[in-house]
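Data first, discussion second: the structure below is written as structure tokens.
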Amino acid sequence: MFKAVLDLLAHKQLTFEDGSIKLLEQNVVMFPFENLYRIQKIIEKSNRINELYLSAKELGKNWIESLFRVYKMDTIEEQANWGEKVFSLAGMGKMRVVKWNVKDSTMVYRSFDSVIAKYYGKVGHAVCHIPRGWFAGASCVFFKKDVDAVEVDCLARGNKFCEFVVKPKCKFDFNNSLVRKQLRE
């Protein structure tokens, strides 16, 4: 991860100036993760988790577009590799892109040691709405079309890792309650 930090610093994509931190042209802050966890819990109580997902999806698009502008990546392998580095750098755990199909606009991401899921503990349902949005947004840029993400496995459900399936919304099975819950309008 230190090599990624050095590369970002060299390209002036990680800056620390006058009380401001910028990462990939976005202002960022450092605060205890528990704050984000508590905010998500409040949003859940008001049944507005989809708004959190959609906001994270837009952020994912913006960050990946910034990354592409700076590093001028040509292949999905390069893009996925940098996405993995940025996810880890953000402190969200380790992530890997395990499958992609450009023709079908599908992608599968796995997150190991999800910080969000660890805070929730085993609650029996998927909780990683922010990374789900980031992965959907990044994939929109990869595929140059709108796609969405569903978290099909989650540490908080008792799975060994969190897995996110990304594809065009019309390709999801809306008879599946997990899909309906995560992709409702």
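Quick notes on this structure:
- Among residues of the range 79-99, those that are in a strand (DSSP E or B) and surrounded by fewer than 20 Cβ atoms within 10 Å (Cβ to Cβ), counted: 4
- Subset of the range 139-185 (residues that are in a helix (DSSP H, G or I) and closer than 14 Å to Y53 by Cβ): S139, C140, K169, L178, V179, R180, K181, Q182
- Residue within the range 164-175 that is of a type in the set (K, R), modelled with pLDDT under 95 and more than 14 Å from the chain's Cα centre (by Cα) present: no
- Residues satisfying the stated conditions in the range 2-33, i.e. modelled with pLDDT under 85, assigned to a loop (DSSP other than H, G, I, E, B), on the phi < 0 side of the Ramachandran plot and not polar (S, T, N, Q): H11, V29, M30, F31
- Residue match in the range 108-127 (condition: surrounded by 21 or more Cβ atoms within 10 Å (Cβ to Cβ), modelled with pLDDT of 95 or more and β-branched (V, I, T)): yes
- Test: residue in the range 59-73 that is farther than 21 Å from D148 by Cβ, among the β-branched types (V, I, T) and either part of a loop (DSSP other than H, G, I, E, B) or touching a His at 6+ places or on another chain (Cβ under 7 Å) (or both): yes
- Only one of the listed residues (S88, S114, S105) is of a type in the set (G, A, S) and free of Cβ contacts under 8 Å to residues at least 60 places away in the same chain. That residue is S114.
- Among residues of the range 16-32 that are closer than 21 Å to F68 by Cβ, those with a beta-carbon under 6 Å from a residue that is at pLDDT 85 or above and among the polar types (S, T, N, Q) at least six positions away or on a different chain give the pairs K22/T15.
- Test for A138: is it modelled with pLDDT of 95 or more and crowded, with 21+ Cβ neighbours inside 10 Å: no
- So L54, is it among the aliphatic types (A, V, I, L, M) and either in contact with a Phe, Trp or Tyr (Cβ under 6 Å, 6 or more places away or on another chain) or within 18 Å of E151 (Cβ to Cβ) (or both): yes
- Residues of the range 116-163 satisfying the condition of being among the aliphatic types (A, V, I, L, M), under 25 Å from P32 (Cβ atoms) and touching a strand residue (DSSP E or B) at 6+ places or on another chain (Cβ under 7 Å): A117, A126, L155
- The single condition among (1) modelled with pLDDT of 80 or more; (2) in contact with a helix residue (DSSP H, G or I) (Cβ under 8 Å, 6 or more places away or on another chain); (3) surrounded by 13 or more Cβ atoms within 10 Å (Cβ to Cβ); (4) more than 24 Å from F2 (Cβ to Cβ) that I76 does not satisfy is (1).
The values are calculated or read from the model by the stated rules, or taken from the named source; none is laboratory data. As the structure is a prediction and not an experimental result, all values here were calculated from the model. Here the Cβ is made from the backbone with ideal geometry for all residues, glycine too, and neighbour counts use every protein chain on show.
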